[in-house]
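Beneath this line is the structure, given in structure tokens, with notes to follow.
None of the figures in this text is laboratory data; all of them are computed from the coordinates on show. The structure presented is a predicted model; accordingly, all values stated were derived computationally and were not measured. Ideal geometry is used to build each Cβ from the backbone, glycine not excepted, and the neighbour counts take in all protein chains shown.
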Amino acid sequence: MTWDKAWFTNLTPWDRGAIQPPLRELFESDAIKLDLPKSGRALVPGCGRGYDALYLASRGYQTLGLDLSPKAIALAKEHQASQYPDSLSYIADDFFKFDYGSPFDIVYDWTFFCAFPREMRPAWGKRMGEIVAPGGLLIALAFPIDGRDAQDGPPFSVDVGSYKESLGEGWEKVLDHEPATAAEQIRNIQRLVVWKRAK
Ligand SMILES: C[S@@+](CC[C@H](N)C(=O)[O-])C[C@H]1O[C@@H](n2cnc3c(N)ncnc32)[C@H](O)[C@@H]1O
């Protein structure tokens, strides 16, 4: 099934109806000491209904939510019609091909990396290297860290190392955190990790 068809037929088990609490934890918990940019450009690739994009826009980032599925983007716009801030925009396009114009200070990956089979991971890493600004952050809520067979997905099983391996050189891991706020049923299979791109 294509991604668009999944959104059309409402076969979207990953859609939890809200942002994942660990993203909020990163920005709002005093327990995490990480220097986050106060403003700038943010991207949520594979944004789905856009809960995370809306959250980042509400924190003051000029935010783009991008998804390959036109239906997902239509749902994101519809869902947020009453609270759509000027700082938020959406586009239906391909993460690997879209011309973003200028790089991002923050890119947030939740259930995007795990949507791709292993052979596509180097392309994901190369693209991140092109679109995250020097000194910018890639925030990943790594999931599902469950040790399943490599061919079994999506979601394809990940570990923190698989993100690093795909990113290659030029990134520093600045946070590797076990979220205190993760939903109970997935608490043991996710980790909040932030990489900073070298200047
Ligand atoms: C597992 S879903 C996660 C959606 C969203 N992050 C959420 O949690 O609700 C993966 C999303 O990535 C999108 N996607 C897949 N390949 C893509 C690509 N090449 N460019 C942009 N989006 C893509 C799909 O349409 C789908 O909405």
List every residue pair whose Cβ atoms lie under 6 Å apart, where the two residues are 6 or more positions apart in sequence or sit on different chains, the first residue falls within segment 91-118 and is under 23 Å from Phe156 (Cβ atoms), and the second residue, located anywhere, is part of a loop (DSSP other than H, G, I, E, B) and near the ligand (Cβ under 7 Å from one of its atoms). Asp94/Leu68; Thr111/Trp14; Phe112/Gly46; Cys114/Pro155; Ala115/Pro154
Out of all the residues in segment 117-139, is one or more of a type outside the set (A, V, I, L, M), closer than 17 Å to Arg16 by Cβ and crowded, with 20+ Cβ neighbours inside 10 Å? no
Here is a list: Ile91, Ile139, Ile106. Which entry is within 11 Å of the ligand (Cβ to nearest atom) and assigned to a strand (DSSP E or B)? Ile91
If you take the residues of segment 148-187 that are free of Cβ contacts under 8 Å to residues at least 24 places away in the same chain and part of a helix (DSSP H, G or I), which of them is nearest to Pro117 (Cα to Cα)? Gly161
Going through segment 165-188 in order, the residues found to be among the β-branched types (Val, Ile, Thr) and buried (at least 16 other Cβ atoms within 10 Å of the Cβ) are Ile186
